[in-house]
Amino acid sequence: MRGRDTAIKRAIRAAGLTQAGLAQRLHYSSSMVSALASGRYVPRLDTALKLCRALGVDNPCALFDDNGRPRP
């Protein structure tokens, strides 16, 4: 999924943030947010929910598929 636009990347832009800005908001490293956004890291449910709250997304299914990968 590298290099592709994902639902997470679009949500970050829609929230007016950068990956670095989201990382600061979540108290995560920039590399962690990058891995989440690109699908290199499948988050635990609590991490997915925290990401959704930070981006103003009500439903994690909008960002993640049934396997926890970012939606295209």
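The values are calculated or read from the model by the stated rules, or taken from the named source; none is laboratory data. The structure presented is a predicted model; accordingly, all values stated were derived computationally and were not measured. Note that we place each Cβ from the backbone using ideal geometry, even for glycine, and neighbour counts take in every protein chain shown. Heads up: the accessible areas ignore ligands, DNA and RNA and are worked out on the full protein's heavy atoms, side chains in. Shrake-Rupley method; radii C 1.70, N 1.55, O 1.52, S 1.80 Å.
The set of residues from segment 46-59 being in a helix (DSSP H, G or I), in contact (Cβ under 8 Å) with a residue 12 or more places away in the chain and open to solvent by 30 Å² or more (accessible area, probe 1.4 Å) comprises just one member, Lys50. Restricting attention to segment 60-72, the residues being open to solvent by 70 Å² or more (accessible area, probe 1.4 Å) and within 16 Å of Asp5 (Cα to Cα) number 3.
Among the conditions (1) part of a helix (DSSP H, G or I); (2) modelled with pLDDT under 95; (3) surrounded by fewer than 17 Cβ atoms within 10 Å (Cβ to Cβ), Ala20 misses just one, which is (2). Within segment 23-48, the set of residues being among the β-branched types (Val, Ile, Thr) and either touching a Cys at 6+ places or on another chain (Cβ under 7 Å) or modelled with pLDDT of 95 or more (or both) comprises just one member, Val33.
Assessment of segment 37-46 against the conditions (out of contact with any Ser or Thr (no Cβ under 8 Å at 6 or more places or on another chain) and closer than 20 Å to Ala14 by Cα) yields no matching residue. Applying the condition of being without any contact (Cβ under 8 Å) to a residue 12 or more places away in the chain and either charged (D, E, K, R) or assigned to a helix (DSSP H, G or I) (or both) to segment 1-17 and asking which residue is surrounded by the fewest Cβ atoms within 10 Å (Cβ to Cβ) yields Arg13. State the number of residues belonging to segment 25-36 that are surrounded by 13 or more Cβ atoms within 10 Å (Cβ to Cβ) and assigned to a helix (DSSP H, G or I). The qualifying residues number 8.
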